[in-house]
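See below for the structure under consideration.
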Amino acid sequence: MSGDDRHRRLNIVLAPTPLAVSERLSDLLGIELFIKRDDLAGPTLGGNKARQLEYHFGAALSEGADTILVTGAVQSNFARLTVAVARAQGMHPIVQLEDRVPGKSDRYLESGNVFLSRLMGAEIMTYPEGEDEAGADAALHERADALRVEGRRPYVIHLSEGHPPLGALGYVDAAKETLDQKGDFDVFVVASGSGSTHAGLLAGLRGAGSSARVIGSCVRRSAAEQGPRVGRTVKRLAKLYPGAASVVDADIRVWDGALMPGYGQLGPPGVEAIRTMATYEGMMLDPVYSAKSFAAVLALVEIGETTRGSRVCYVHTGGLAALFAYEDVMACCS
Ligand SMILES: *Cc1c(COP(=O)(O)O)cnc(C)c1O
């Protein structure tokens, strides 16, 4: 099963991930709510990056890479999962942690994903900016060039725009997998950060003939910036997966009602989302991504995105490890 058979894929996700109705949250919200458990996708606490990494590692293996480089925020789930998969493949993992979130506690800097990456013996670099994706990628390439001189074979996973969105192919797969499990939905809700997950899910649904609405909850940029970014990713994806060409501009829906105070910082809607999921389902959300995407589910009727009784699929993208790095933030809000 592959977004496009031209693209080599390493099997990382234990697919299909569970998809089950939540009776209690459905009653609470007056909708029929299903939760797609991509928090269970892949090893070492899982998450959506496991699906994205299937294609990045597929490409890396095709090139004969022995070292993987990735960049992200200090509490990056992408970094932690890249390290885990690299270790399992016998590759050397290098993660670059960006200074992206203001007012960080020691716990933020040392616990959660950073702790796990260190435990797995990752080589850790730092980057002093958090809003310079091209600069962060350039720093990875500089390190990769030095490794080549030493005879290593590095593979860089890019963060900035303009590269083929290989990771989005993982969510083309997830779209088909979800439709095969429970048929179509009225609405899908997912976190929209880099936009790979959002773009891949939307393209995969349209490519499979679904006209479900897909709402991306902004976790990093305002709706005014994120909508066009997702649109550009869909266009680049069409070169890898022709089904993406069926996406039209009106399909790209973003909501930023839970974004503030900003990336990696939790506002009242996110705190409420974490508490609601924990107390109704005994299921954890993370403070950076899934708290903000689930906040969109709680707001769906209010923002006019769905009516009572609609079939809604909430895509839980994981991130559990970061929750421990935010323990003090949750304590002050409770
Ligand atoms: C990275 C991440 C996202 C956002 O995915 P993108 O493809 O970058 O938009 C959502 N949830 C979690 C837990 C993540 O780690």
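Summary table below
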item	result
D_trans [Stokes-Einstein, Kirkwood Rh over alpha-carbon pairs] for the chain, 10 °C, 1.306 mPa s, µm² s⁻¹	81 µm²/s
Estimated dipole of the chain in Debye, rounded to 20 [Cβ of Lys and Arg +1, of Asp and Glu -1, Cα centre]	580 debye
Solvent-accessible area, 1.4 Å probe, carbon plus sulfur percent, for region 230-311	56 percent
Heavy-atom accessible area ranking, 1.4 Å probe, most first, across E110, E177	E110, E177
Accessible-area ranking of K235, K182, K104, largest first, probe 1.4 Å	K235, K182, K104
Area of V248 that stays accessible when all protein chains are in place (1.4 Å probe, Å², to 10)	80 Å²
Debye-sum result for region 199-271 in log10 I(q)/I(0), which assumes one identical scatterer on each alpha carbon, at q = 0.12, 0.13, 0.23, 0.26 Å⁻¹	-0.35, -0.41, -0.93, -1.08
Lysine pairs in the chain with Cα atoms under 24 Å, if 8 or more residues apart or on separate chains	13
Nitroxide proxy distance, nm - points 7 Å out along Cα→Cβ at F324 and D132	3.3 nm
Heavy atoms of M260: accessible area, 1.4 Å probe, square angstrom to 10	130 Å²
Furthest towards positive pole of dipole, S246, S196, V214, structure part region 190-334, Cβ charges	S246
For region 254-334: span of alpha carbons on each principal axis (Å, largest first)	37, 26, 21
Table column - 3J(HN,Hα) (Hz), region 180-197, Karplus curve with 6.51, -1.76, 1.60, x for Gly and Pro	5, 6, 9, x, 8, 10, 6, 9, 10, 10, 8, 6, 10, x, 5, x, 5, 5
Positive-end residue, region 93-163 charge dipole about Cα centroid, Cβ charges, pick of Y127, H141, P93	P93
Distance from region 28-45 to region 258-280 (C-alpha centre basis), Å	16 Å
Heavy-atom accessible area ranking, 1.4 Å probe, most first, across E281, E150	E150, E281
Signed unit charges on C-beta, dipole axis of the chain, positive-most listed residue V288, L179, G47	L179
Debye log10 I(q)/I(0) at q = 0.15, 0.24, 0.26 Å⁻¹ for region 1-81, Cα point scatterers	-0.67, -1.13, -1.20
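The values are calculated or read from the model by the stated rules, or taken from the named source; none is laboratory data. Keep in mind it's a predicted model, so treat the numbers as computed, not measured. Glycine also receives a Cβ, built like all others from the backbone with ideal geometry; neighbour counts cover every protein chain displayed. Side chains are part of the model used for accessible areas, which takes the heavy atoms of the whole protein and leaves out ligands, DNA and RNA. Shrake-Rupley method; radii C 1.70, N 1.55, O 1.52, S 1.80 Å.
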